[in-house]
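Enquirer: Questions regarding the structure given below will be posed in turn.
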Amino acid sequence: MKQPTVNYVLTIDSTDLSSFAVEMKISNITDTFRVAMVTHPEYDDRYWKYVEDFSVEAKNGKGQLIREDSSLWKIITNGGEALLQYRIHLPTVTGIRSAWKAYLTSTGGLVGGPHSFMYVVASTLVPSHIRLNIPEGWEIATGLQSTSDPKTFYAPSVAVLIEGPVFVGKFKSWVFTVDNTPHRLVYWALPDAKAFDTTMLLASIKKIVEQTSSLFGRLTYREYIFMLQDGAVGGLEHNNSVTIGAPSSQLANGVGNSLPEIAHEYFHTWNLMRIRPIEYRDVTYKTPTLSKGLWFSEGLTIFYADLLSRRAGLHVFDSTRLFHLENLIRRYTVTPAYLKFSAEKISEASYGPIGMLGDYSAGTHLQGEVLGSMLDLIIRDASNGNKSMDDVMRTMLERFSGERGFTSKDIEQAVKDVCGCNVRQFFNDHVYGSKQIDFSKYLKLLGLQHTIEWKDAVLNDQKPAPDLRAFLYQSPGENILRIGVSNPTVAWARAGLHTGDIVKTVNGKTVANPTAFRSIQRNAKIGDTIVVEVQRPSGDQKINVLISGYQQPEVRIRQMAGIAEKQKRLYEQWISGK
Ligand SMILES: [Zn+2]
């Protein structure tokens, strides 16, 4: 049987920027087939909600389309061909735009990816050409492969198509080369953009690329594009590009403000896009499986975003690695979820529904960074300073740059092979299990010791801070507000509230949205009572939350007295960022 071929045409009409048109010309296709929109495993923006004017033409006359599910359509055609046409009606943005979502303005925008393209179900290895009809004077920046026509691009598979967003418009653009590989930095500015130091931004990004290349020994792409946007926040990694919100107002205060995010998303090019968890398989329209491996994918990415920035001599928020580690331990200690759930479970919960951990909330980024930091110390000690986490990253890339995704067992094996030591207990305790990390045991390997002191949390003016560790949220597809408590010890939980409780009123009034709740909280003082009326299966209930102060740990790390030569040597290597 012949493989189908698919060619896309995406048209942006400057006279109507509320939507864009997509044409999908399919040949060599059976008379009945299905098309769908891809679900992103982490940020499913569900743009199938915005599909309009969907039609199908068969070779001989009209075809038929039947919507079988929210993002799945059955197509009936004839003659082995079908021409699908639809529009994506862009949703109105409330608040600040997320940088990875499709948008259009009179000076440019972002299209492509899961927000634009449908695919033929079960034909995910089909290559395609994508032609872009864009307004006069606009440029194109995309990681998709160029062809002899400057407005036509090529994707060898649906996965590559979906991970190659297309930035279009009028933008500033710079090119630099690392290891003979071209890199392009593209900045799309708002009309009232503030000026910032573009030379410094470019030089800093280049240093991050150089450090990453020297860590892995090579770059893993033909070319790379940094797509930076004014007026947006957040970022998302793609195959050989990143979409990042970098407001000019933030960059004007120092380009260093945007670098941690850029370094993070860029590092994901290796650690998540190449070295990827086993659950992240081929593209699908189905609900993706939650991943047990994100503690590594996110945690080691944040570990390296920090470490590579230090190696590059760039601005970092904690002046030394020691301060950085103190902060990590403090944030870990304040979160009881890490003693209740394994790293694998918290990985799953990070993109699972809110409330998956009951009354606990936790971050896989932080937990993974802490685990990565401790494993790094174990490896340095066991190898007498000859190996580090760097070697684990290189090993993981060698083993998992193909089709196969990794499990935590594979990470355990890679660490074991690098250090020549047994890390079974460490993984049992902290990755598959939820035992408290004994920091003193690992800090001692570098001749360090730490103290944890619990103190009243204070505001900027040193007065005790009220316990505001609860939030409102809205689950996808729901029109109600629910409350979330950070853990069972916060004032809100002690008063009897549970994550998932439906909130009817706060202080006798309905609350419009989570932001409105946040401002009620901001006005609260210690000793105030906030009345939260919740709706439960057992009936409505008014819960009086007495706002109290709360305590936070203060962590200090010091060098131990009389340490051995080896500890001193390992410490010096580590603190210097080697
Ligand atoms: Zn990330």
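Enquirer: Please state the equivalent ellipsoid semi-axes for the chain: what are the square roots of 5 times the Cα gyration tensor eigenvalues, largest first, in whole Å? Kindly include the intermediate steps, with their values, before the conclusion.
Expert: Numbers: eigenvalues 345, 204, 114 Å².
With the √(5λ) rule applied to the chain, the semi-axes are 42, 32, 24 Å.
Enquirer: Further question on the same structure: If you roll a 1.4 Å probe over the heavy atoms of the protein chains, what accessible area per residue do you get for the range 528-572, in Å²? Working shown, then result.
Expert: Details: 2710 Å² over 45 residues.
Accessible area per residue, the range 528-572: 60 Å².
Enquirer: Give me the angle, in degrees from 0 to 90, between the Cα long axis of helix 408-419 and the longest principal axis of the Cα atoms of the chain, rounded to the nearest 10.
Expert: Here the helix axis deviates by roughly 60 degrees.
Enquirer: Give me the lysines in straight-line cross-link reach of residue 455: C-alpha distance below 22 Å, same-chain residues under 8 apart excluded.
Expert: Qualifying lysines at Cα under 22 Å: 463, 525.
Enquirer: Would you mind checking 2/74; 409/568; 25/172; 340/568 for any pair whose Cα atoms are more than 24 angstrom apart?
Expert: On the way: 2/74 20 Å; 409/568 32 Å; 25/172 33 Å; 340/568 35 Å.
Table pairs above 24 Å Cα-Cα are 409/568; 25/172; 340/568.
Enquirer: Do the sum for the chain: with -39,500 (n - 2.57) for every DSSP H run of n ≥ 4, divided by all residues, what is the mean residue ellipticity at 222 nm, to the nearest 500 deg cm²/dmol?
Expert: Values: 15 runs with 156 residues, N = 578.
Computed mean residue ellipticity for the chain: -8000 deg cm²/dmol.
Enquirer: For the range 174-292, calculate the relative contact order in percent as a whole number, restricting contacts to Cα pairs under 8 Å that are 6 or more residues apart. All intermediate terms of the calculation are to be shown ahead of the outcome.
Expert: Details: 169 pairs, mean separation 28.4, N = 119.
About 24 percent, as a whole number.
Enquirer: Averaged per residue, what accessible surface does the range 376-418 expose to a 1.4 Å probe, in Å²? If you can, show how the numbers build up before the last one.
Expert: Working: 1720 Å² over 43 residues.
About 40 Å² of surface per residue is accessible.
Enquirer: Can you tell me, using C-alpha contacts under 8 Å and at least 6 residues apart, the relative contact order of the chain as a whole percent? Working shown, then result.
Expert: Values: 1172 pairs, mean separation 58.2, N = 578.
Worked out over the chain, it gives 10 percent.
Enquirer: List the residues, sorted by chain then number, that are 5 or more residues from residue 489 or on another chain and whose placed amide H is less than 5 Å from its amide H.
Expert: none
Enquirer: Averaged per residue, what accessible surface does the range 25-142 expose to a 1.4 Å probe, in Å²? Don't skip to the end; give the middle numbers.
Expert: Values: 5140 Å² over 118 residues.
I get 44 Å² per residue for the range 25-142.
Enquirer: Another question, if that's okay. Between the alpha-carbon centers of the range 288-363 and the range 443-482, tell me the distance in whole angstrom.
Expert: The distance from the Cα centre of the range 288-363 to that of the range 443-482 comes to 14 Å.
Enquirer: Counting only C-alpha contacts under 8 Å and six or more residues apart, can you give the relative contact order of the range 447-578 as a whole percent?
Expert: Values: 222 pairs, mean separation 43.6, N = 132.
It rounds to 33 percent for the range 447-578.
Enquirer: May I pose another question? With a 1.4 Å probe and every protein chain kept in, tell me what percent of the accessible surface of the chain is carbon plus sulfur.
Expert: Values: 12300 of 25230 Å².
The value for the chain is 49 percent carbon and sulfur by accessible area.
Enquirer: Helix 389-400: angle to the longest alpha-carbon principal axis of the chain, degrees 0 to 90, nearest 10?
Expert: That helix lies at roughly 30 degrees to the long axis.
Enquirer: Further question on the same structure: Suppose every Lys and Arg Cβ carries +1 and every Asp and Glu Cβ carries -1, with no other charges. What dipole size does the chain come out with about its Cα centre, to the nearest 20 debye? Each step should come with its number before you reach the end.
Expert: Numbers: 63 positive and 59 negative charges, 181 e Å.
Roughly 880 debye, rounded to the nearest 20.
Enquirer: So what's the range 1-155 giving for Cα Rg divided by 2.2 N^0.38 Å, two decimals? Display every interim value, and only then the final one.
Expert: Working: Rg = 15.6 Å, N = 155, 2.2 N^0.38 = 15.0 Å.
My calculation over the Cα atoms of the range 1-155 gives 1.04.
Enquirer: To continue, here is another question. Summarise the long-distance tail of P(r) for the range 451-576 by giving the % of C-alpha pairs beyond 19 Å. Write down the numbers at each step before the final one.
Expert: On the way: 4588 of 7875 pairs.
Cα-Cα pairs of the range 451-576 separated by over 19 Å account for 58 percent.
The values are calculated or read from the model by the stated rules, or taken from the named source; none is laboratory data. The structure displayed is predicted, hence computed values, not measured ones. Quick reminder, even Gly has a Cβ in these numbers, built from the backbone with ideal geometry, and neighbours come from all protein chains shown. Protein only, heavy atoms only, side chains kept; ligands, DNA and RNA dropped before computing areas. Shrake-Rupley method; radii C 1.70, N 1.55, O 1.52, S 1.80 Å.
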